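**Q** Can you read through this structure? Questions will come right after.
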Amino acid sequence: MSAPFVVHIDPTPIPAKKAAENMGVTVETLIRWHRAGQFMPLVHVRGGWFYSPVLQVKAYGLDPFEHLPRWNDGRVVYIVGFKGNAESPVKIGMAMDPCKRICELQNASPYEIELLVTAPGGRGLEEHLHNMFARERLRGEWFERSPRLAAFIESLRRVKE
């Protein structure tokens, strides 16, 4: 028996203005639909509204984590930031045991680190996210928490709710 065919989505959040243009409506219309309870996979973060492909996949009743690029190697991708600072840089990393890895990071950090979100995926997803957020890269695996990256983190949080 062959494995089921899985389509990988590009999980990059899209500014709501561009999504609205693609749909032939205004941003205000998208936000009005969202607030009226009609499903619109929108996320509001510092910097504005974003359309979330990850939330769109969830709306179809599918598991978004099955549609993210990944290698099934048992590892988990994590995103951490500094506790109490919503604008702090974030680290996108991968580990077999994220809790143990975060303890190791905490020992090397002068600030308290908090886990923002995790996703199954291993090196494949980690590399994809590093490439997806290359513009935000500060150094190594540390990234500026841009509105686009913040929208992605919030999308993953909502999927896990």
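Taken together, the values in this text are just the output of simple stated rules run on the coordinates, not laboratory data. Just so it is clear, the structure is predicted and the values come from calculations on it, not from any experiment. Neighbour counts are summed over all protein chains in view; Cβ atoms, including those assigned to glycine, are modelled from backbone coordinates with ideal geometry.
**Q** Which of the pairs Lys83/Lys160; Lys58/Lys83; Lys18/Lys58; Lys18/Lys91 have their Cα atoms more than 25 Å apart in this structure?
**A** Lys58/Lys83; Lys18/Lys91
**Q** Kindly put Ile102, Ile79 in sequence by how many other C-beta atoms sit within 10 Å of each C-beta, fewest to most.
**A** Ile102, Ile79
**Q** Go ahead and run the numbers for FRET between Cys99 and Lys18, Cβ-Cβ distance against an R0 of 30 Å, rounding to 0.05.
**A** Working from the Cβ atoms, E equals 0.20.
**Q** For Lys83, project a label point 7 Å along Cα to C-beta. Then give me every residue of region 94-129 with its amide nitrogen under 19 Å of that point.
**A** 98-118
**Q** Determine, for Val159, Val90, the number of other Cβ atoms within 10 Å of each Cβ, and report the residues in order from fewest to most.
**A** Val159, Val90
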